[in-house]
Amino acid sequence: MSDIGYFSMYARFETESKEDAAAFLGADNIIGDAFSIEQEYIDGKRTAWIVNPFGKRMGTIDEKTAEKVDLCNAKGWNTVALLALVAFTEKPEPGLYWGQVLIISYDPEYEVAFSTFIENVGKQLGEGIRPDVSLGRDSLKKVIETHGEWVPSGRVPFPNKNKGTAWVKTQRTGTERLVKQARKGNMGCTVVSWIFLLAVVALIVFGLHSCGAF
């Protein structure tokens, strides 16, 4: 087996404003979701956006990271950016939403294996596990030979959490897991998610009624 084209890194992204970042609080941006990277050039200046599965630009990566993605694209590789962390830092005011994506680029010759591998890595991120996917030759062979079912046991720590910084999303909530299943067209999970949401609403209504709100 010849050398397998592959690149990966955890990369920081930043949002344009608190208002733009509000969508990170919803279920359209779930930890482990596969984002794309979109390059935009205006007046000779490049901006590299991370774009969620619904086509919404959610933040930008820095120039050095964008250059690495460019090199992978020039080789004809496919690139995915898995949402790995959403954070908020309160200073300087008015504060900044930021986070990390796990960028994985690979030779499309091995599309089937890497698609499965990326899906499995996304599931691990959703469970709060941050796999070390800086794979060497032997590990890449395992990915191909197992058709993407093998995942590394190594782990990458969260970035330093400075004073005034809070983790907003590090893994999927129970509701987000149901939403993830519903996206795949799993009707059973869709029904369960609606029942769950209706039950929550019913409990809120019951609580307000018990307090004499109506």
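Here the condition is being touching a helix residue (DSSP H, G or I) at 6+ places or on another chain (Cβ under 7 Å) and either touching a residue at least 60 places away in the same chain (Cβ under 8 Å) or not β-branched (V, I, T) (or both); of V156, V133, V151, it holds for V133 alone.
Within segment 167-188, if we keep just the residues that are out of contact with any helix residue (DSSP H, G or I) (no Cβ under 8 Å at 6 or more places or on another chain) and β-branched (V, I, T), the residue that is least open to solvent (accessible area, probe 1.4 Å) turns out to be T170. If you go through segment 118-166 and keep only what is under 19 Å from Y106 (Cα atoms), open to solvent by 30 Å² or more (accessible area, probe 1.4 Å) and among the β-branched types (V, I, T), you end up with T146, V151. For residues in segment 1-31 being open to solvent by 70 Å² or more (accessible area, probe 1.4 Å) and touching a Ser or Thr at 6+ places or on another chain (Cβ under 9 Å), which is nearest to T89 (Cα to Cα)? The residue in question is E14.
Can you confirm whether I61 is at pLDDT 95 or above, out of contact with any Leu (no Cβ under 8 Å at 6 or more places or on another chain) and closer than 22 Å to V133 by Cα? Criteria met by I61.
Among the residues of segment 39-54, just one is of a type in the set (D, E) and within 17 Å of D20 (Cβ to Cβ), namely E40. Residues in segment 76-93 include none that are surrounded by fewer than 21 Cβ atoms within 10 Å (Cβ to Cβ), modelled with pLDDT of 95 or more and charged (D, E, K, R).
The values are calculated or read from the model by the stated rules, or taken from the named source; none is laboratory data. The shown structure was predicted, so the numbers you read here are calculated from the model rather than taken from an experiment. Note that each Cβ is placed from the backbone with ideal geometry, even for glycine, and that neighbours are counted across all protein chains shown. Only protein heavy atoms, including side chains, enter the accessible area calculation; ligands, DNA and RNA are left aside. Shrake-Rupley method; radii C 1.70, N 1.55, O 1.52, S 1.80 Å.
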